[in-house]
1. Which whole-Hz ³J(HN,Hα) couplings does the range 113-120 yield from phi under the Karplus relation 6.51 cos²θ - 1.76 cosθ + 1.60, θ = phi - 60°, glycine and proline marked x?
2. Between A197 and residues 5 or more places away or on another chain, which pairs have amide H atoms under 5 Å apart, with H built 1.01 Å from N, and which residues are they?
3. If I take R0 = 30 Å and measure r between the Cβ atoms of R217 and K98 in this structure, what FRET efficiency does the formula 1/(1 + (r/R0)^6) give, to the nearest 0.05?
4. For the range 73-213, with only Lys/Arg (+1) and Asp/Glu (-1) charged at the beta-carbon, what is the dipole magnitude about the Cα centre, in debye rounded to 20?
5. Please list, ordered by chain and number, the residues whose modelled amide H lies under 5 Å from the amide H of I167; skip anything fewer than 5 residues away on the same chain.
6. If the chain between T138 and D159 were fully stretched, how many nm would it gain, using 0.36 nm times the residue separation less the Cα-Cα distance?
7. Could you go through the range 184-196 in sequence order and give the Karplus-derived ³J(HN,Hα) for each residue, using 6.51 cos²θ - 1.76 cosθ + 1.60 with θ = phi - 60°, rounded to whole Hz, and x for Gly and Pro?
8. For the range 65-219, what's the radius of gyration and Dmax over Cα atoms, in angstrom?
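Just so it is clear, none of the values below were taken in a lab; they were calculated from the coordinates. Predicted model, so just to flag it, every value in this text is computed and none were measured. Cβ coordinates were reconstructed from backbone atoms using ideal geometry, including for glycine residues, and neighbour counts include every protein chain displayed.
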Amino acid sequence: MRVAKTEQRSRSGGGPDEPPAGSACPRDTSVRAVRVGLIALVLALVSVLGACSTHGNATDATGGDGYGFVQQAAGKDFVTADKRHAAPALSGKDLDGKAISLVSMRGKIVIVNFWASWCAPCRAETPGLAKLARQRPTVAFLGVNEKDGTSSAKAFARDFGTSYPSIVDRLGTLAAGWPVAPGLPSTFVLDPDGRIAARFTGGVLPEDLTPVLNRLRAET
């Protein structure tokens, strides 16, 4: 009779090594907890990556805050004269600590280039920008050095022979006010009235900028 009772308890799930019938298995609870934890981790990573992929401007990658950009090719946007908007304010200290402002360049076509010494595409495009600056003395060039060390930024400018100044944007607050697409570099062309006429996302070449400069020159 004792053997029979033990066998009966085993069949009904009430054995000494098993949980009571109808309760959750410890293994199932552990697996469920792991799954919930993994889902939470994935959601957190997506949130962090989304926050780090831009300069804090949620509309950068989807039209540039209503600046009227019309894509000409991948990474190349243009704005017709009747739809242009004034460029955001841009002022601060250059790499040598001297005050500089975009307003002082009003009346000229201006090329604004957001860059950093740690950015590989920036290193690839800068020789072309430096050459174009020498070839186009009537065009103003202004760099914006992003989240960089002073010594590294100065070495970069010296090594690539950039004759134009760069504003230091140590925390990325200046870029946050511009329609800068995710990542660096980003380059803007402003007309003589200080309005954004073109935007280039990623590395830019002189042959990309020259047609825009000629078009703006023809407008004046």
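1. So the J values, rounded to whole Hz, are 10, 8, 8, 8, 5, 7, 8, 4.
2. Answer set, sorted by chain and number: V189, L190, D191.
3. Calculated transfer efficiency: 0.55.
4. 220 debye
5. Distant-sequence amide H within range of I167: G143, V144, N145.
6. Gain on stretching T138 to D159: 5.2 nm.
7. In residue order, the calculated couplings are 10, x, 9, 10, 10, 10, 9, 7, x, 8, x, 9, 6 Hz.
8. 14.2, 42
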